Each structure stands twice: as C-alpha cells, then as structure tokens.
1. Looking only at the range A:141-151, which residues are farther than 13 Å from A:TYR199 by Cβ and within 19 Å of the chain's Cα centre (by Cα)?
2. Inside the range C:160-172, can you point out the residues that are in contact (Cβ under 8 Å) with a residue 24 or more places away in the chain, within 15 Å of the chain's Cα centre (by Cα) and surrounded by fewer than 24 Cβ atoms within 10 Å (Cβ to Cβ)?
3. If you check B:ASP51, B:ASP90, which single one turns out to be within 18 Å of B:ARG184 (Cβ to Cβ) and out of contact with any Phe, Trp or Tyr (no Cβ under 8 Å at 6 or more places or on another chain)?
4. Here are some residues: D:VAL175, D:VAL207, D:VAL158, D:VAL215. Which one is in contact with a Pro (Cβ under 9 Å, 6 or more places away or on another chain), of a type outside the set (Phe, Trp, Tyr) and more than 30 Å from C:ARG11 (Cβ to Cβ)?
5. Being buried (at least 17 other Cβ atoms within 10 Å of the Cβ) and among the acidic types (Asp, Glu), is that true of even one residue in the range D:178-198?
6. Given B:PRO220, B:PRO224, B:PRO233, which one is within 25 Å of D:TRP217 (Cα to Cα), at the interface with chain A (Cβ under 9 Å from one of its Cβ atoms), assigned to a loop (DSSP other than H, G, I, E, B) and not acidic (Asp, Glu)?
7. I'd like to verify a number: residues in the range B:120-139 that are open to solvent by 10 Å² or more (accessible area, probe 1.4 Å) and in contact with a strand residue (DSSP E or B) (Cβ under 9 Å, 6 or more places away or on another chain), how many?
8. Which of the residues that make up the range D:6-40 are farther than 20 Å from D:GLU197 by Cβ, in contact (Cβ under 8 Å) with a residue 60 or more places away in the chain and touching a strand residue (DSSP E or B) at 6+ places or on another chain (Cβ under 8 Å)?
4 protein chains.
Amino acid sequence: MTTVTVWNEYRHERESDTVAEIYPDGIHTVIADSLDKAGFETQTATLDEPDHGLSEQVLADTDVLTWWGHAAHEEVRDEIVDRVHEHVLDGMGLIVLHSGHYSKIFKRLMGTSCSLKWREAAERERLWVVEPSHPITEGIDEYIELEEAEMYGERFDVPAPETLVFTSWFEGGEVFRSGCCYRRGNGRIFYFRPGHETYPIYHTEAVQQVLANAVDWAAPGDGPTPTFGNYQPHEDIDLSDDRTVH
Amino acid sequence: MTTVTVWNEYRHERESDTVAEIYPDGIHTVIADSLDKAGFETQTATLDEPDHGLSEQVLADTDVLTWWGHAAHEEVRDEIVDRVHEHVLDGMGLIVLHSGHYSKIFKRLMGTSCSLKWREAAERERLWVVEPSHPITEGIDEYIELEEAEMYGERFDVPAPETLVFTSWFEGGEVFRSGCCYRRGNGRIFYFRPGHETYPIYHTEAVQQVLANAVDWAAPGDGPTPTFGNYQPHEDIDLSDDRTVH
Amino acid sequence: MTTVTVWNEYRHERESDTVAEIYPDGIHTVIADSLDKAGFETQTATLDEPDHGLSEQVLADTDVLTWWGHAAHEEVRDEIVDRVHEHVLDGMGLIVLHSGHYSKIFKRLMGTSCSLKWREAAERERLWVVEPSHPITEGIDEYIELEEAEMYGERFDVPAPETLVFTSWFEGGEVFRSGCCYRRGNGRIFYFRPGHETYPIYHTEAVQQVLANAVDWAAPGDGPTPTFGNYQPHEDIDLSDDRTVH
Amino acid sequence: MTTVTVWNEYRHERESDTVAEIYPDGIHTVIADSLDKAGFETQTATLDEPDHGLSEQVLADTDVLTWWGHAAHEEVRDEIVDRVHEHVLDGMGLIVLHSGHYSKIFKRLMGTSCSLKWREAAERERLWVVEPSHPITEGIDEYIELEEAEMYGERFDVPAPETLVFTSWFEGGEVFRSGCCYRRGNGRIFYFRPGHETYPIYHTEAVQQVLANAVDWAAPGDGPTPTFGNYQPHEDIDLSDDRTVH
C-alpha cells in the first residue's frame, strides 16, 4: 500500500479567518482525507512540528511526499531540505503544489529560480490536458475548470518538464505549464499548479483526482539502485596504467 | 564577438609531473588557445586567483564559461557559485567538462548527485553522435575515438538532457551519455565528458571542434528577458477580490 | 486484466532449422507464454493468417500489441497498418521488438527511416539502465547482459525518445538506444532492441521481465479522449466575424 | 547564404476577395519578401505549378522549406510528399505554418493525426514565450499579441516537441502549443501556429521575425551524415558465427 505524507506550512489557516473558513483544519487535512479515501495510507506533517514533521523515520516510511508552502519557505531548515532531497534522489515521490514552486526543495531539485508571474483576482482558470496518455490524467475530462484561482503566468522559470500534462488558461490573458513531470535521481516529481489558500481548490473533485493519480505515478518502483564510484571492467582490458593523480 | 572565459582548477598541472607534461601551462591554456584559434575572444580564470578569477565584472563580460575541476570542488566558495549560477540563469552559457560533473555549479544546476561510475585504465572510448542535426556536431564524424580515456559509466545521475548529442562506448564494457544539452533559466548548458588530466584529450582536434561548436551553441542570444512577480491582467477582468493573505 | 496480442511474422521459424531449434513454435509462442505467466491475457497473431490475424475485433480487444517482424515487412498490407495505426492513436499500447524497427507501423509512427547499423556476429551486448525510476526497469539490475546478440549501432534514425530507458554496449565497439519510450496520440509505444531470431534472447528471464513491465506501462488508461474540430468558445466572445473561406 | 523556398497552396488568394485583399500576390509572396529582407535567398513554389514547384532540383537547392496549405492538402501528390520527406530526413529544414498542421508532409513526419480544435471568430491570441533561451525567440518580447486570429485549441495531437517555444492563449478560453521544435532524421522542423488566410497575420513584424529566426535555426549544418546497414566491428571480435538467416 502506497504511503503518503502530506506536508503543509500550516500558517495561513491559523492566522487568517478567510483561509480558516475554507480549510479549518488546514490544507493538509483536506488533501490527506482525499488521498485516504483514494486508498492511500496517509499521514500529515507541518512546519511547526519538530523537524517540520519530517524525521528520517517519517521519510523512510513515505512513498510519496506532497508539499504545500507559501509564506515561510525560508523557515524550512536546510538540513531538512537536505534530507528530503536525499530521499527524493533515492526514489521517494514528490508532489509540489501551487506556491510550493518557491519552496527550497523544489528550487533545489530544479536548479532554477522557479519564478513566475502571479495575480490574485479570483479569476477563472481552465487546465487543459495536453498529454492524454499520461496516467496523471486518469478519469479527468479534457480540461478542469476552476472558477476562482490565483493566476500564475509564464515564463515559469523551470527546466522543461519531461512530460507536460496540463497547460492553464487564465481569464486575464496568461498561460501556464500547470502539470509538469520530472525525474531526479530515482525519484519522480510532479508539480501541480492549483491550490491557492483563499479559494477552495482542494475541495474540488477533479483536483483531488489528479492528486491521487499523481501519487500513483510518483510512488517508487522496484527499479535498480545504481552503484557509483570506482568500477571494475566487465571486459578483459589492460589495467596496468598508473598515471593517476587521484 | 563571443567572449569565453575558460575556468580551470589548475592544481594537478602544478603538482603532478605526469599532468604537467601534457599540460605544462594548464588545461585552461590549451582550451583557451584552441577557442582563440576558432575565433572567440578568450580569457582564463583559475581557482587560486582572487574570487577564483570570477569577479562580477569578469562574468558580466563573459558569454560562455567553460569549467574544468576535479580535486578541489569543495574549495570553490559558495558565493562564487551563487554568482555563476545567477549569470547562467541570466543567459551566460556554461560548458562543463569531464570531472566538472561533480562541481558545485553543475550539481546546483542539475539538482541531482551527478554521480557516475569511473575507472582509470587508459582505455579506448568511442563517442557516437546520436543527434547529427545538432549544431554541436558540426564538422564531426559519426564518432570520435579516443585511444586513452578515463571511463565514466552509467547510471549518470543527472536529469535526462533536453538533447542527447553523444553517447560513449568504453573498452571495459560501459556506456555513458557524454554530450548533454540543457537549458536552465535563460542559459544554455552543455556537459561534455572527455578530458582527463593524465591523457592529452584537449589536444585532440575533434574535441577542440566540439568545444568550439558548444561555445557557439551556448552563447546567449537576444531572446526576451522574462519579468516575474505581481502582474496586471491583459484582459479586462474583475480585480475587486480582496481575500488575499499576502 | 490487460490483454496482449503478440504478433509475429513467423517465417524464419518455419524455414530455417537454426531458428526452429530455438523457437520451434515461433517467437510469438515464447513471448506469449512468458506474458501469460506474468499474468496477462495473451493471444497471438501472425502474418500468414487472414488479415495478418489483426482483424478490427482482435485489435478492439487488445490493450497492448507486441510486434516482431524481419524479412517480410513489405508483405504487411497497408490497410492493416492503417488499422493498427488508428488503434495506437486511440490508446492501444505497442511494443516494437528488435528488427521490428523497420516495420511499416513503426516507421509510420516515427516519421523517420528508422535505419541503423547492424552486424551478426553473436557478440556480447550489455544493456545499461539509464533511467532507473522508469517502471519498465522494475526488477531489473543495473544492466542486462546477453552473451550472443546481433549488433545494432547508432545512429538510430528515430525521433529522440521521450524517455530513454536502456542504452546498449556492444563488444565490437558500438552503442545503441535500446529501450525507447514514445507517446503517439493516446498510445504509448516502447521500442526494445533485443531479440534476434538466431539467438535465444526471448528465453532470457530479464528480457521477459522487461517485456512484462513494458506491457504494464503501455496498457491504455482512462485519460480523456480528445475532441477535435470546430469548437464553441468557453468564454463569451464576439462570434460575428464572417470572413471565413471554409 | 541560407536558401529558402516558400511553398503555398495559393488557392484562397485567387478564389476569395477577402483573402485577396490581404494577400493580393499570395501568402507566399509576403512571407518570401519578409525573408528576403531578413537576408535569405528566397524563392517560392505553389501547388498548381508542375511538381507543385518542388522538383528534385528545387529541393536540392533549398536549405529551408516553409509550408502553408489549407483546403487542398489531398491534392499534394504522394510522390512529392515522399520527395520532401526524404529531403527533410537528409537535413533540409522545414517550417510548417498554421493550417499546414494537416498537410501530408507534417502528418508523415509526426506519425499522428495532427488534429486540433479550431474556431474562426477573429479573436485575440497571445503567444507566450515559454523558452526564452531558444534562438527562435531572438528579438521577440515576452509575448506576441494578435488582435484577430483563428483559434486552435488543445489537444493538439502531435508528439511532444523537443522544445516548446510558444504557448498561445485565446480569448475564447483555449490554449495551444503554438511554437514546436522537432528533429527528424538530419532535419529540423518548426511548427508555428499563426497565419490564418483571412487575417493579416504575415504582415505582422513579430511574426516575420519568428519566421526569420526559425529559418536560421532550421538551416542545415555540417554535422555527420550517418551511415546505415551492415557494419564492420571497430574492435577485434570473433566473426565466425554463421547462424544467419539473412
């Protein structure tokens, strides 16, 4: 059974009535509940827990980690970022949500600024499926329409995804690559754009379906664990060269 | 005229007679001379210069930076890595050579461990062109043969390149993605495998040709400089929503 | 339950004692048996059956089609190629094996010559996993070694795969992209190199494992079926323009 | 000097006053003039010329071919499509424009249906640059705005491009991958969406700039011409195996 840890910064919900009304127990609770119903074994972790709730043991027991953060990216300690990074490279799946584009872990994995344009105007977004053969689109229609969304606009400064699954249209005139698949090390990463704290995005059925699909896709498999370092030849070659400066 | 800064760790050449014999004035000098002959405006920079020779001014004047390092990656100061990183995202080309796969700047840009298998046995390497329509293959035959090379073997823990240009065959039984193109931010990056310090790789004509081609390909163009941050709509939409927690 | 149709030209086995000794009931029987044991519902189809065994009904009932052909590619009727093509675009998975690189259906889907270098010398091949997070590598070691193989060498004239899973090393000095994933329409396609008729490749456990993994990966999902053609706007726009020449 | 052949169906302009008003001498003339001004050696060719103006000699003298067709795709003779296809695989660049998505040559090269959604409503289109480091964006702003355009909407049934350069926003609510780079054989292909016959798209400066950039990018280089077929080993291996059925 695939195990999921749903991570949330969990500050807005405790500080803003607007947000608390939509997510009284936090964004993580809504996401975790939906993944639980989808058949995954879920737990949650939040910024203000010790180790941000991400101890070595928690990560060792996690197949897929989902990440929502926004205002406190800088408060995530570097050693925890190192730890998550290592687990992703070792095969743990990672689903980065909405404003998590600016999280330390996403920027670390992408190697770029992960910057974008944004606007809060509760405008309409339509996420179009551009790669219908990808498993993350299971059970999804040709598009997902969200009546109220924060706009994210291109240029999204990330490496081109291995597979671009969704592209968003915004009422105000912009587009965005809103569903992006990556591989880093042995880990699979999915960035999914929707999810602003002041709109009830994660209560949307289609969004929950995408998250469940993404967990399935990102869950680690049983592929080889690469070995690295000095390596003996398979073929019978001359090993007498000694000009090394190692 | 495209300007190139050839960076070199420049330690082996001063510490090892074996290396000094091949590169008496340093690997950087041989590379810079070959790029100079190819028509680029070249300068060099090395680890033990102030700021590792990479002041803000030097980088501002550099179209393409080439990077060779091996034993002293950890001595490259983080603030200089930050500086180079920023220039790459702003459009400076970067060519990472051989053991530079483990440099801080390459790992930063890739987001992975950049690990690989290796063996020093002066064995034969044959770099096969797998994408002959790529400009980095200009003037190159179907393959480049190097009689004595250090082996690098897969799994090479990097993101899949946008374009895979060369794949290497090694006498001892391994393969390697040895010519890899990436885009990060506005910058173009090329990783090129050949170049061990104890073999005269950079004196090889075909290798010099690839380096010149790579400089041409990686040189910044005149594409748009993306703007980021809060953004006004192009279309006439309702901007009255005030549920922000920003 | 995923249904697989294993297609085979089935000529060499009936005409050559060398091949018949390895595959007395045809290559298809060995592949079908191994996929059956892996839990798929399998059937076979061959060139000399009516419609090459690929009636509309057979394809409608097929989740994944595997294709082995070699000497009689030209005898595959164009209307059957059209039919298979349509089913792939509609979501049927396709696994193209070895000399199937020159089949009409693979060339149709790739849009290129699909040419390569080849040599029959019963030489050693080592298929290295270059993307260990891909599900096609489930249960596979870092490499698969085949003691006797036909060589296929680069340049392999195909579009760069969306994901390159395996790269082969050959004793005689060549490399080859030997495990290549593509999407075409709603269909997933995997090209897998091993499989020469005069060597017992498909009796190899690791090869059978890759085939089973590939069937799992290529099986159609439940993503959206795109609609095409004239389309009404989602937004309220002016539709009065009548300058059409349609 | 790069030579360009601008191909046009050239029917609408002779049959419709609406179109003739915008392109009195044909779409090809406007495109050819703009490329001529950009410094290329241009000629034109149209459907109703012998061999559609695409003799073996014309193609042999062409570095980059641009293709506009719409209503008469089926009238393009298969042998000419074969000829163009062969030249692309041999290195000739190809720029496919707007409704050329349904041309025989584009479908041949893509291997898919190349279908899409469309609507003629003279609506606003905004092409966003998503890959600003690509040379096709030279001199272009963050977006190109076209006040009156035909809508093309996703799902665009093509293989995912190697590089996605532009993504379009449409007033009516759709998005489209409107600037797509491919490699097929030794040839570079660029699909560029704008260009409907009833709107003066090709008179737009930014569109002309993209076309000039695309010609530069697609022009053939001097990379290796791959050899195919039976191949002698580089290494000293045993060639005594005689179990061939070739």
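1. Within the range A:141-151, A:ILE144 is the sole residue that qualifies.
2. C:PRO161, C:THR163, C:LEU164
3. B:ASP90
4. Of D:VAL175, D:VAL207, D:VAL158, D:VAL215, the one residue that is in contact with a Pro (Cβ under 9 Å, 6 or more places away or on another chain), of a type outside the set (Phe, Trp, Tyr) and more than 30 Å from C:ARG11 (Cβ to Cβ) is D:VAL207.
5. The answer is yes; a qualifying residue exists.
6. None of the others qualify; the one that does is B:PRO224.
7. Total meeting the criteria: 3.
8. Across the range D:6-40, the qualifying residue is only D:PHE40.
The values are calculated or read from the model by the stated rules, or taken from the named source; none is laboratory data. As the structure is a computational prediction, the values presented were derived from the model and not from experiment. Because the Cβ atoms are built from the backbone with ideal geometry, glycine has one as well, and the counts that use them run over all protein chains shown. When the accessible area is computed, the model is the full protein with side chains, heavy atoms only, and any ligands, DNA or RNA have been set aside. Shrake-Rupley method; radii C 1.70, N 1.55, O 1.52, S 1.80 Å.
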